[in-house]
1. Restricting to region 44-102, give me the number of residues that are under 20 Å from Leu27 (Cα atoms), in contact (Cβ under 8 Å) with a residue 60 or more places away in the chain and either of a type in the set (Lys, Arg) or out of contact with any helix residue (DSSP H, G or I) (no Cβ under 8 Å at 6 or more places or on another chain) (or both).
2. List pairs: first in region 147-173 and in contact (Cβ under 8 Å) with a residue 60 or more places away in the chain and farther than 30 Å from Val29 by Cα, second of a type in the set (Lys, Arg) and open to solvent by less than 80 Å² (accessible area, probe 1.4 Å), Cβ under 8 Å, 6+ apart or cross-chain?
3. Output the residue which, of all residues in region 131-150 that are hydrophobic (A, V, I, L, M, F, W, C) and open to solvent by 80 Å² or more (accessible area, probe 1.4 Å), is modelled with the highest pLDDT.
4. Please determine whether any residue of region 24-42 is under 19 Å from the mean Cα position of the chain (by Cα), surrounded by 14 or more Cβ atoms within 10 Å (Cβ to Cβ) and more than 30 Å from Thr133 (Cα to Cα).
5. Go through region 92-130 and give me each residue that's assigned to a loop (DSSP other than H, G, I, E, B), loosely packed, with under 12 Cβ neighbours inside 10 Å and at pLDDT below 60.
6. Does Ile82 count as open to solvent by 70 Å² or more (accessible area, probe 1.4 Å), more than 30 Å from Ala161 (Cβ to Cβ) and part of a helix (DSSP H, G or I)?
7. Go over the candidates Met55, Met1 one by one and state the one that is modelled with pLDDT of 80 or more and among the hydrophobic types (A, V, I, L, M, F, W, C).
8. Of the residues that make up region 58-73, is at least one exposed (fewer than 15 other Cβ atoms within 10 Å of the Cβ), touching a Phe, Trp or Tyr at 6+ places or on another chain (Cβ under 7 Å) and over 21 Å from Phe101 (Cβ atoms)?
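The values are calculated or read from the model by the stated rules, or taken from the named source; none is laboratory data. Predicted model, so just to flag it, every value in this text is computed and none were measured. Positions of Cβ are generated from backbone atoms using ideal geometry, with glycine treated the same way; all protein chains shown enter the neighbour counts. Accessible surface is based on the protein model in full, side chains and every heavy atom, while ligands, DNA and RNA are left aside. Shrake-Rupley method; radii C 1.70, N 1.55, O 1.52, S 1.80 Å.
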Amino acid sequence: MTSNLASRHPNKNALINFLLVLSTILLLVGIFAPMMTLSKFVWIESRFSLFAGTMQLFTDGQYMLFIILLFFSILLPVAKLIVLFRFWHSESSSSIQLKHFMNWLSHYGKWSMLDVFVVALLLVIVKLGVLATVEVHYGIYMYAAAGLLIMLCTTFINSIAKKELELESQANR
């Protein structure tokens, strides 16, 4: 196995590349686009994105929340996309690298924070229902779509890698 997964699977390459690029675009839009507007009483309104909200936590001195949100909601999804791109196009996908990649993905899956982020958002909406209203914007939909597409790309690439490992182990018998 000296070529990359993309060249060994040309029939799936275009789809996976499209999904990876679309995931990247949606993630970036989701991070920087407005996610919600918080209206307190009638005259106070705050509109923010995931990035702006994260930076506001830093500005407000909420360093632990800042680190958690920055790491799990911004840096980890970006890192996963980089690893997926790299692994799909890497020129040396040996069986050891395939196993390492699949192991990394299984551990990363346990730390996926999209569901936690959505639950936290819902809690904010419910808790502020009496004091304020929350209007959700397209940024949250882009972020959620990116999370789903990243999971789909991961599943596709992981299943291809598993099949390659199975074929290699059958050939070595």
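1. 2
2. The qualifying pairs are Glu164/Arg8.
3. Quick first cut of region 131-150, residues hydrophobic (A, V, I, L, M, F, W, C) only: 131-132, 134, 136, 140, 142, 144-146, 148-150.
Imposing the further condition that a residue be open to solvent by 80 Å² or more (accessible area, probe 1.4 Å) reduces the set to 131, 148.
On the way: Leu131: 68, Leu148: 88.
The qualifying residue modelled with the highest pLDDT is Leu148.
4. yes
5. Within region 92-130, just Gly129 meets the criteria.
6. Details: open to solvent by 70 Å² or more (accessible area, probe 1.4 Å): yes; more than 30 Å from Ala161 (Cβ to Cβ): no; part of a helix (DSSP H, G or I): yes.
Answer is no for this residue.
7. Numbers: Met1 fails: modelled with pLDDT of 80 or more.
Only one candidate passes the filter, namely Met55.
8. Checked against the condition, which is being exposed (fewer than 15 other Cβ atoms within 10 Å of the Cβ), touching a Phe, Trp or Tyr at 6+ places or on another chain (Cβ under 7 Å) and over 21 Å from Phe101 (Cβ atoms), region 58-73 yields at least one hit.
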